[in-house]
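My questions will all concern the structure given below.
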Amino acid sequence: MNESDASKESHEGDASDGAMTEGGGPVLDDVRRMHVMVAGVRGARLVERVLPVPLPRVWQVMGDLEGGFGEFQPDMRSVRILRRDGERVEALAHSRYGLRAHFHGVLRPGWCWLQSRFLVIGMAAVAAEDESGHTRVALTGGVRVPGRAALVPFGARRELEEAMARLAARVG
């Protein structure tokens, strides 16, 4: 192994964004945190892109569960927030196919993780590290296998890719 291979290898899989906690451990940004969440759920897929739009504009759409969210998520017709307590949120979603889901989860700037009995939705967004004014976005989600940390992987990547394309068109 030459020096450049060793250098490359030492940085592959590095989850640190360079920030350190008081104890000296790495701090994960929300997109990296989403990668960790997805790694822990069998069958989960993740789509990540850099959008040439500032983070506030991107999160204005992504974090608006009752508005912008339904405009870029392919199968969502509407979402209504039932309760909110700080970052904790409870919401009722209706799909374009007539199905509904009662979600519980966390919504804060740059991060959303919602779960119902049969669905998971995860979204994360952070400013690009190169200070270009662009935004790194990660999306995950799918049909849950009740009682297990697993998602049904069929069609998930295609739907996530479509959601990402619709988000890019909506914010761009």
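Scanning the stretch 145-172 for residues that are over 14 Å from E48 (Cα atoms) and touching a Lys or Arg at 6+ places or on another chain (Cβ under 7 Å), which turns out surrounded by the fewest Cβ atoms within 10 Å (Cβ to Cβ)?
Ranking the candidates gives P146 first.
I've got another one for you. For the stretch 88-99, name all the residues that are in contact with a strand residue (DSSP E or B) (Cβ under 8 Å, 6 or more places away or on another chain) and loosely packed, with under 13 Cβ neighbours inside 10 Å.
R88, R96
Out of all the residues in the stretch 130-141, which are modelled with pLDDT of 90 or more and not basic (K, R)?
Those that are modelled with pLDDT of 90 or more and not basic (K, R): S132, G133, H134, T135, V137, A138, L139, T140, G141.
List every residue pair whose Cβ atoms lie under 8 Å apart, where the two residues are 6 or more positions apart in sequence or sit on different chains, the first residue falls within the stretch 84-107 and is under 18 Å from A124 (Cβ atoms), and the second residue, located anywhere, is of a type in the set (D, E) and assigned to a loop (DSSP other than H, G, I, E, B).
Once the first residue is under 18 Å from A124 (Cβ atoms) and sits in the stretch 84-107, its partners that are of a type in the set (D, E) and assigned to a loop (DSSP other than H, G, I, E, B) give V106/E87; L107/E87.
Could you tell me whether V106 is touching a strand residue (DSSP E or B) at 6+ places or on another chain (Cβ under 8 Å) and either within 17 Å of L28 (Cα to Cα) or open to solvent by less than 60 Å² (accessible area, probe 1.4 Å) (or both)?
Considered against the rule, which asks whether it is touching a strand residue (DSSP E or B) at 6+ places or on another chain (Cβ under 8 Å) and either within 17 Å of L28 (Cα to Cα) or open to solvent by less than 60 Å² (accessible area, probe 1.4 Å) (or both), V106 comes out as yes.
Quick one: P56 ticks every box in (1) within 16 Å of the chain's Cα centre (by Cα); (2) farther than 16 Å from A163 by Cα; (3) touching a residue at least 12 places away in the same chain (Cβ under 8 Å) bar one, so which box is it?
All conditions are met except number (3).
Another question about this same structure. Among the residues in the stretch 35-58, are any within 19 Å of A169 (Cα to Cα), β-branched (V, I, T) and surrounded by fewer than 18 Cβ atoms within 10 Å (Cβ to Cβ)?
Yes, the stretch 35-58 has at least one match.
Does M76 fit the bill of being open to solvent by 50 Å² or more (accessible area, probe 1.4 Å), modelled with pLDDT under 95 and either among the hydrophobic types (A, V, I, L, M, F, W, C) or under 16 Å from the mean Cα position of the chain (by Cα) (or both)?
No; evaluated as a whole, the condition is false for this residue.
The values are calculated or read from the model by the stated rules, or taken from the named source; none is laboratory data. On a predicted model such as this, the values are computed, not experimentally measured, just so you know. Neighbour counts are summed over all protein chains in view; Cβ atoms, including those assigned to glycine, are modelled from backbone coordinates with ideal geometry. These accessible areas exclude ligands, DNA and RNA; they are computed on the full protein's heavy atoms, side chains included. Shrake-Rupley method; radii C 1.70, N 1.55, O 1.52, S 1.80 Å.
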